[in-house]
Amino acid sequence: MVRITAYILLFLFLFSCQHGKKEKNQELNDLESIKKKGELTVLTLYSSTSYFLYRGEEMGYEYERIKQFADHYNLKTKVIVADNIKRLTEMLQKGEGDIIAYEMPIIGDAKNEWLYCGAENITHQVLIQLRKPKNEMVNDVVDLIGKDIYVEAGSKYEDRIKNLNDELGGGIHIHHIDKDTVVTEELIEMVSTGEIPYTLADNNLAQLNRTYYNNIDIHLKVSFPQRASWAVNKHSRSLAHAINQWVKENHKSDSYRSISRRYFELSKTLPASAVLSIPKGQISIYDPLFKKYAKQIDWDWRILAAQAYNESHFDTLAVSWAGARGLVQLMPRTAQAFGVSMNEITNPEKNLGAAVKSIQSLNKSLADIEDKNERIKFILAAYNGGLGHILDAMALAKKYGKNPHVWDKNVSEFILLKSNPEYFNDEVCKFGYFKGRQTVAYVHEVLRYYKIYQEKIPL
């Protein structure tokens, strides 16, 4: 009897220890413990709407919102990027992060696994088509019969258009695009350029891309609405409550709403400009500055002029959607790194001087590219999109048998592929998702205008 009692007591002791350990682990990621460590660990995925690196700075709609919350509590923000949603949820359940800052579909079964929190977003799929007079556009899903719809093979968009086709009794011409070469954002651009007539996308992705391509229409919903929000561990109730309360108190504030405007409303392209009329052998009033600072990097000054034109159209007060400012569009952090304050950033000489220092730094980082003219292309690309993404593309080029020191038809091809998870999740890539088409176009346009200036303006 004594022995049995001893066993029972031992069992109870071990159970209480394990239970206590479990409770301690459960509380590890709740608000008070987060405050004590002074850091919020954010789990997310790379994408154009959630999190990415641009010109060396962390950006993304979801990232900026969760950072605002962290700043409210004077917390540092540590971001951990998962490869996919499955890994994202595994990390949350194991306590490897405090919160998933990514739109998680709100479904009944998941409520037992985690707590939803933050601003609830209603997502749905929309048809991407060229903007035309209303009577020439597809305004009802029935009108899709006989139309050619292009979607990624194996995607949720393929599933939806197949189901819709069945619901309508057939007749939609569905084209499956190999996702290894083309992703949804590229299909959206292909609609904009007229290469394909239609594709599908989530409404938030469509809204973001409309800021790049203002000739597309996204009004037609083609799926049922799906609620989505952030998620925390089911034991992190005080964290969920704090986030919900913060959203409730701040969702109408200018700082909160400005994030939405930056990503989903502000145009990502410069308006057309007539500044290229070049009278009397002059490109701009800043030509003396371009000549002065080009000597520091041993460049033809007309390249700097072409770069400034593509960055700001010579508008020293220009501010991009991402916060870049001035003549050569310096990001605030870059400006600060090269000794230019926010008060000085719109000063054309200060702005250009810091830009040239940045170019000098990029030149050193890319010194392995021996051909000077070729290296200039890489420097321009790195200036536009960030050095990390260019190094990733070079690594991919080497891996797949292309020349990592040649831009056209080599590294430029892999910059384009960095919007594809198959590539940005590759082990040789360190800097994740990147919308590379803008960077490829930037390099092309700077060199195109440089050629124009060469023909019209003496050295």
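The values are calculated or read from the model by the stated rules, or taken from the named source; none is laboratory data. On a predicted model such as this, the values are computed, not experimentally measured, just so you know. Quick reminder, even Gly has a Cβ in these numbers, built from the backbone with ideal geometry, and neighbours come from all protein chains shown.
Val191 - would you say it is part of a helix (DSSP H, G or I) and out of contact with any His (no Cβ under 7 Å at 6 or more places or on another chain)?
yes
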Leading residue by the ranking (surrounded by the fewest Cβ atoms within 10 Å (Cβ to Cβ)) among those in the range 425-440 that are assigned to a helix (DSSP H, G or I) and modelled with pLDDT of 95 or more: Val440
Inter-residue pairs, beta-carbon under 7 Å, first not assigned by TED's automatic domain parsing to the domain that holds Leu45 and in the range 428-447, second at pLDDT 95 or above and surrounded by fewer than 16 Cβ atoms within 10 Å (Cβ to Cβ), 6+ apart: Val428/Lys399
Restricting the range 332-372 to residues that are assigned to a helix (DSSP H, G or I), among the β-branched types (Val, Ile, Thr) and modelled with pLDDT of 95 or more, the residue that is nearest to Asp315 (Cα to Cα): Val356
Enumeration of residues in the range 66-86 that are in a helix (DSSP H, G or I) and among the small types (Gly, Ala, Ser): Ala70
Any hit, the range 405-414, residues being in contact (Cβ under 8 Å) with a residue 40 or more places away in the chain and within 24 Å of Val183 (Cα to Cα): no
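Quick check on the range 167-174. Is at least one of its residues at negative phi, out of contact with any Pro (no Cβ under 6 Å at 6 or more places or on another chain), surrounded by 18 or more Cβ atoms within 10 Å (Cβ to Cβ) and among the β-branched types (Val, Ile, Thr)?
Yes - at least one qualifying residue is present in the range 167-174.
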Flag for Asn112 being of a type outside the set (Phe, Trp, Tyr) and at pLDDT 90 or above: no
Options Thr193, Thr199; residue that is under 25 Å from the mean Cα position of the chain (by Cα), surrounded by fewer than 20 Cβ atoms within 10 Å (Cβ to Cβ) and either β-branched (Val, Ile, Thr) or not assigned by TED's automatic domain parsing to the domain that holds Leu416 (or both): Thr193
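Given the options Ser238, Ser223, name the one that is in a loop (DSSP other than H, G, I, E, B), at negative phi and hydroxyl-bearing (Ser, Thr, Tyr).
So the residue among Ser238, Ser223 that is in a loop (DSSP other than H, G, I, E, B), at negative phi and hydroxyl-bearing (Ser, Thr, Tyr) is Ser223.
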Evaluation of Leu127 against (1) surrounded by 21 or more Cβ atoms within 10 Å (Cβ to Cβ); (2) more than 16 Å from Phe224 (Cα to Cα) (one fails), failing number: (2)
Of the criteria (1) under 24 Å from the mean Cα position of the chain (by Cα); (2) surrounded by fewer than 20 Cβ atoms within 10 Å (Cβ to Cβ); (3) modelled with pLDDT under 95, which one Ser419 fails: (2)
Total residues in the range 119-167, condition part of a helix (DSSP H, G or I), of a type in the set (Asp, Glu) and more than 29 Å from Ile100 (Cα to Cα): 4
Candidates Gly108, Gly118 - the one that is in contact (Cβ under 8 Å) with a residue 40 or more places away in the chain and either touching a Ser or Thr at 6+ places or on another chain (Cβ under 9 Å) or not assigned by TED's automatic domain parsing to the domain that holds Leu168 (or both): Gly118
Residues of the range 131-146 satisfying the condition of being out of contact with any helix residue (DSSP H, G or I) (no Cβ under 9 Å at 6 or more places or on another chain) and of a type in the set (A, V, I, L, M): Val142
Unmet requirement for Tyr383, which otherwise passes all of (1) closer than 24 Å to Leu45 by Cβ; (2) out of contact with any Gly (no Cβ under 8 Å at 6 or more places or on another chain); (3) aromatic (Phe, Trp, Tyr): (1)
Inter-residue pairs, beta-carbon under 7 Å, first under 25 Å from Lys36 (Cα atoms) and in the range 58-71, second of a type outside the set (D, E, K, R) and in a helix (DSSP H, G or I), 6+ apart: Glu64/Ile259; Arg65/Ile259; Gln68/Ser255; Gln68/Tyr256; Phe69/Ile243; Phe69/Trp246
Single residue of the range 281-309 satisfying the filter (among the aliphatic types (A, V, I, L, M) and in a helix (DSSP H, G or I)) that is surrounded by the fewest Cβ atoms within 10 Å (Cβ to Cβ): Ile297
